[in-house]
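> My structure is below; once you've seen it, I'll send some questions.
Taken together, the values in this text are just the output of simple stated rules run on the coordinates, not laboratory data. Keep in mind the model is a prediction, meaning the values are calculated, not measured. Here the Cβ positions follow ideal geometry from the backbone for every residue, glycine too, while neighbour counts run over all protein chains shown.
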Amino acid sequence: MTQTSRHHKDDVRIPGRRGPATTLRVASALAVLAILWQGATAGEMLMRSRESFEFHEAGAVAVHVLTGLAAISAFLLRRATRGPLWPVVVAVVVFVASFVQAALGSEETMWAHVPGALVLMLGAAAVLVSVVAPRRTVSG
């Protein structure tokens, strides 16, 4: 029988565990939105719009900050709940990859920049799903 656990050790509703969980939810949701913003501004950059370039640069800073905050929050949540390790690993990889992505942002490396954006999006979305999807446990 599968059921949603109310008192599982990973349950973020236990007092003292809400802070990192809430921060991770907000930071990862905003990171996903910031990465989507990057895609929107990238399309405008193809038209050589200086304003879009400035928006894209500001969006990159937001991605760095938000993915960094998500990585720290994922670590703190893991430490508080002893939950799965993979969201922490993915969050850290996404944070580091955001800097690699920024370094690959020139015309000469656009061949790697565009697929890198997809990897960032998938990783950021995986971290978001890890904290908003209900935890399930098997009892029997």
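> Evaluate the distance, in nm, between pseudo-label points positioned 7 Å from the Cα of residue 79 and of residue 36 along their respective Cα→Cβ axes.
Simple spin-label model gives 3.2 nm for this pair.
> So what's segment 18-131 giving for Rg/Rh, alpha carbon basis, Kirkwood Rh from the mean inverse pair distance?
1.02
> Multiply the residue separation of residue 26 and residue 58 by 0.36 nm, subtract the distance between their alpha-carbon atoms, and state the gained length in nm to one decimal.
Working: separation 32, 0.36 × 32 = 11.52 nm, distance 1.90 nm.
Fully extending the segment from residue 26 to residue 58 adds 9.6 nm.
> What ranking do 47, 121 get, fewest neighbouring Cβ atoms within 10 angstrom at the top? Please report the intermediate quantities before stating the final value.
Numbers: 47 7, 121 17.
Lowest to highest Cβ neighbour count: 47, 121.
> Is there a quick way to get the dipole size of segment 18-131? I mean about its Cα centre, with the Cβ of Lys and Arg at +1 and of Asp and Glu at -1; what is the value in debye to the nearest 20?
About 740 debye.
> For segment 40-98, would you read off the P(r) tail past 13 Å as a percentage of all alpha carbon pairs? Intermediate values should be presented prior to the final figure.
On the way: 1082 of 1711 pairs.
So the portion of pairs separated by more than 13 Å is 63 percent.
> Follow-up. In nm, what is the difference between 0.36 nm times the number of residues separating residue 114 and residue 100 and their Cα-Cα distance?
Contour length minus Cα-Cα distance gives 3.8 nm.
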